[in-house]
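Visitor: Following this message is one structure expressed as structure tokens.
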Amino acid sequence: MRAWALLLMACCVPAAAQAPASPPPTTQAPSTGGPEDVPPDNRFDTARMESSLVVPRTSVSHFRFPVIDAHSHDVYTSTPEQLTAWVRLQQQVGVQQTFIFTGKSGADFRAAVERYTNVYPRRFVMFAGISADGIDAPDYGDRLRERLRADVRAGARGLGELTDKGMGLVHVGTQAYFIDDARFDALWDEAGRLHLPVFVHIAEPAEFYQPADERNDLRRSANWSLYGKGTPGFEGMLARFEAVIARHPHTQFVAVHAFNLANDLQRVGALLDRYPNVQVDFAARMWELARQPFTARRFFIKYADRILFGTDNDPTLEMYLAHVRQLETEDEWFWPADAEWWRGYGMHLPDNVLRKIYRDNALRLLR
Ligand SMILES: [Zn+2]
């Protein structure tokens with residue numbers, strides 16, 4: 001047993017069981033507060049451990065209220081049969097509508113519309129992307145506006161998912177055009193005029209820009225690492241996105257994955273306070289909330305009008321129900337969706353908060 005655990009046990013003996021004048025324990029607590037006696041070649045993977053914890057587990061089968069999944073992609077199905085199976089699964093768990101981010105424009109976007117909305121018109125909401133065509137031409141801004149209007153005529157209800165992790169929002173040859181490049185201002189402006197929400201994936205968690213060594217708590221996901229790739233880094237990318245948001249106060253932005261700051265909800269809150277034209281989702285970041293259920297619960301209650309529900313994951317029953325468990329129950333030490341190496345805890349959100357994040361906020365965004 002670890003030394004600190006023994007110390008904890010010694011401290012937690014009920015007062016009545018202690019000798020009346022027992023001297024204070026002489027053992028010193030470790031100065032760092034972390035676990036001791038870890039082997040020097042520490043390579044343990046807690047994900048493989050079987051939990052011996054015995055606690056109640058809620059039986060969940062569907063969402064408590066109707067849901068709009070405001071973050072999914074067209075890549076999760078490739079055949080009509082898969083699409084039908086997905087729709088059946090949505091009906092089973094209570095997902096009424098799903099936002100499909102295509103990231104595509106023009107003919108590619110129209111093909112996606114044909115595959116989704118033409119078959120299930122009320123179930124899927126389509127989002128277009130950006131085209132790099134003519135990016136260095138002087139009329140690129142006008143072309144962006146025209147293409148967006150054409151995509152809207154083809155069924156686009158917004159832009160998404162537009163991604164800049166530090167390699168450019170658009171990449172042509174070796175040239176990266178970052179999100180705050182003035183060439184894109186026309187697009188943000190046109191989206192604002194047309195009241196179209198813009199879903200932006202900025203950066204990645206800050207740990208992905210650091211070496212994936214033993215000290216990095218996201219090292220398990222080193223396949224996502226951007227370390228040494230010559231990016232402006234997490235802070236650099238966030239600053240670029242903030243510049244865009246500030247320049248276009250009449251455009252509605254959704255910072256997906258909560259600005260990739262789900263590990264620091266206080267900072268997410270400060271950004272929401274500063275920029276009323278921004279909302280967030282925690283799609284594919286539920287694992288980050290799972291280790292801070294009390295902080296996350298307070299955040300969701302405080303910002304209940306600014307959070308969209310999204311999954312951003314392969315549509316499986318297990319995935320949807322992991323969201324139900326985490327948002328609706330008090331269950332403990334379960335695997336969240338898309339888990340990192342730690343398990344987590346439920347947030348047991350109030351019904352009025354669930355209704356807003358599950359559906360009301362998304363409906364308001366589409367109006
Ligand atoms: Zn996504």
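Visitor: Explain nothing, just the number: dipole magnitude of the chain about its Cα centre with +1 on each Lys and Arg Cβ and -1 on each Asp and Glu Cβ, in debye rounded to the nearest 20.
Guide: Computed charge dipole of the chain: roughly 1040 debye.
Visitor: Can I ask one more? Determine the share of the chain's accessible area contributed by carbon and sulfur atoms, expressed in whole percent, with a 1.4 angstrom probe.
Guide: Carbon-and-sulfur percentage of accessible area, whole number: 52.
Visitor: Now for a different question. Tally the DSSP beta bridges in the chain and give the antiparallel ones as a percent, rounded to 5.
Guide: 20
Visitor: Now a separate question. Can you work out the accessible area per residue across segment 67-366, with the rest of the protein chains kept in place, probe 1.4 Å, in square angstrom?
Guide: Normalised by residue count, the accessible surface of segment 67-366 is 42 Å².
Visitor: Suppose accessible area is computed on protein heavy atoms with a 1.4 Å probe; arrange 36, 161 from highest to lowest.
Guide: I get 36, 161, largest accessible area first.
Visitor: Counting helices only, and only those DSSP H runs with n ≥ 4, report the 222 nm mean residue ellipticity of the chain as the sum of -39,500 (n - 2.57) divided by its residues, in deg cm²/dmol to the nearest 500.
Guide: When only DSSP H runs of four or more count, the value is -9500 deg cm²/dmol.
Visitor: Treat each spin label as a single point 7 Å out from the Cα along the C-beta direction, and report the residue 330 to residue 167 distance in nm.
Guide: Going by the 7 Å Cα→Cβ label model, 4.5 nm.
Visitor: Can you tell me the length gained on complete extension of the stretch residue 133 to residue 37, counting 0.36 nm per residue apart and subtracting the Cα distance?
Guide: Extra length from residue 133 to residue 37 when fully extended: 28.8 nm.
Visitor: Separate question: Given a Förster radius of 41 Å and the C-beta distance between residue 48 and residue 182 as r, what FRET efficiency does 1/(1 + (r/R0)^6) yield to the nearest 0.05?
Guide: 0.25
Visitor: Let me ask something else about it. Give the peptides 259-270, 46-57, 198-209 in descending order of average Cβ contacts within 10 Å, highest first.
Guide: 198-209, 259-270, 46-57
Visitor: While we're on this one: What nm distance separates the two modelled labels at residue 119 and residue 82, each placed 7 Å from Cα along Cα→Cβ?
Guide: Label at residue 119, label at residue 82, 1.0 nm between them.
Visitor: Compute the length gained on full extension between residue 224 and residue 294: take 0.36 nm times their separation in residues and subtract their Cα-Cα distance, giving the result in nm to one decimal.
Guide: 22.4 nm
Visitor: Please give every one of the aspartates and glutamates within straight-line cross-link reach of residue 229, meaning a C-alpha to C-alpha distance under 15 Å, and leave out same-chain neighbours fewer than 8 residues apart.
Guide: Correct list for residue 229: 164, 204, 207.
Visitor: Please give the per residue volume of the convex hull enclosing the alpha carbon atoms of segment 67-366, rounded to a whole number of Å³.
Guide: 126
Visitor: Next question. Output the peptides 120-130, 219-229 sorted from most to least packed, where packing is the average of other Cβ atoms within 10 Å over each peptide's residues.
Guide: Final packing ranking: 120-130, 219-229.
Visitor: Evaluate the distance, in nm, between pseudo-label points positioned 7 Å from the Cα of residue 275 and of residue 364 along their respective Cα→Cβ axes.
Guide: About 1.8 nm separates the two model spin labels.
Visitor: Ordered by packing density, taken as the mean number of other Cβ atoms within 10 Å over each peptide's residues, highest first, how do 109-118, 275-284 rank?
Guide: Peptide ranking by packing, descending: 275-284, 109-118.
The values are calculated or read from the model by the stated rules, or taken from the named source; none is laboratory data. These numbers come from a predicted model, not from an experiment. For neighbour counting, all protein chains shown are included, and Cβ atoms are generated from backbone atoms with ideal geometry for every residue, glycine included. Just the protein is used for accessible areas: all its heavy atoms, side chains included, with ligands, DNA and RNA removed. Shrake-Rupley method; radii C 1.70, N 1.55, O 1.52, S 1.80 Å.
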